[in-house]
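Just so it is clear, none of the values below were taken in a lab; they were calculated from the coordinates. Predicted model only: the values in this text are computed from it and were never measured. Here the Cβ is made from the backbone with ideal geometry for all residues, glycine too, and neighbour counts use every protein chain on show.
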Amino acid sequence: MSDLLAIRAAGSADATALAELIEYLGHPIDEETVRKNIAHLTAAGEAPLVATRDQTVIGLCGIHRMVTVHRPAPVGRITVLVVAESAQGHGIGRLLVEEAERRLRQGGCQIVEVTSNDRRTAAHAFYRHLGYERTSARFMKAL
């Protein structure tokens, strides 16, 4: 792999590559929706992070900062993390998480949460390796 790796904020021009990465996770989505979501998140100050190698998008990490009634400081959340299959095993995920943590810390967060589907056991091992621990179960209901 080349050494021209960068982590930056996602832009609308990344929509095609990001839709492919999101679909790789099992969440079908069209480019236009991704483009709209990037614009909304950017306006809210929460632009997703992308990893690029030679200017090609190879990873995505969404971040969110929220104030809750039961915590003394904002809670950071990694909302999505995915690295292209061809780029896995080269530290890209770790770099994305480290940058997400840095930005969330700068935003006043004292903890970071991440949700990972029950079937993604390799992802669970990855998060544990980075110091994350399982603390709860998450429940969801479609409306």
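Starting from the 7 Å offset along Cα-to-Cβ, what nm value, one decimal, do you get for the label separation of A39 and V67?
Result: 2.8 nm between the two label points.
State the Cα centre-to-centre distance between region 116-143 and region 1-71 in whole Å.
20
T135 versus R119, label points 7 Å from Cα toward the beta carbon: distance in nm?
2.8
Hey, what do the phi angles of region 49-57 turn into as Karplus ³J(HN,Hα) couplings, whole Hz, using 6.51/-1.76/1.60 and θ = phi - 60°, x for Gly and Pro?
My calculation for region 49-57 gives 9, 10, 9, 10, 10, 6, 6, 9, 5 Hz in order.
Taking N as the number of residues in region 76-143, what is its Cα Rg relative to 2.2 N^0.38 Å?
Taking N as the residue count of region 76-143, the ratio is 1.18.
With N set to the residue count of the chain, report its C-alpha Rg divided by 2.2 N^0.38 Å to two decimal places.
Cα-based Rg divided by the globular estimate yields 1.03.
Contact order normalised by length for the chain, with contacts defined as Cα pairs under 8 Å and 6 or more residues apart; what percent is it?
Taking the mean separation of contacting Cα pairs over the length of the chain, I get 19 percent.
Tell me which chymotrypsin sites (Phe, Trp or Tyr not before Pro) from region 62-143 have a DSSP coil assignment and no more than 12 other beta carbons within 10 Å of their own.
Here the sparse-neighbourhood loop sites are F139.
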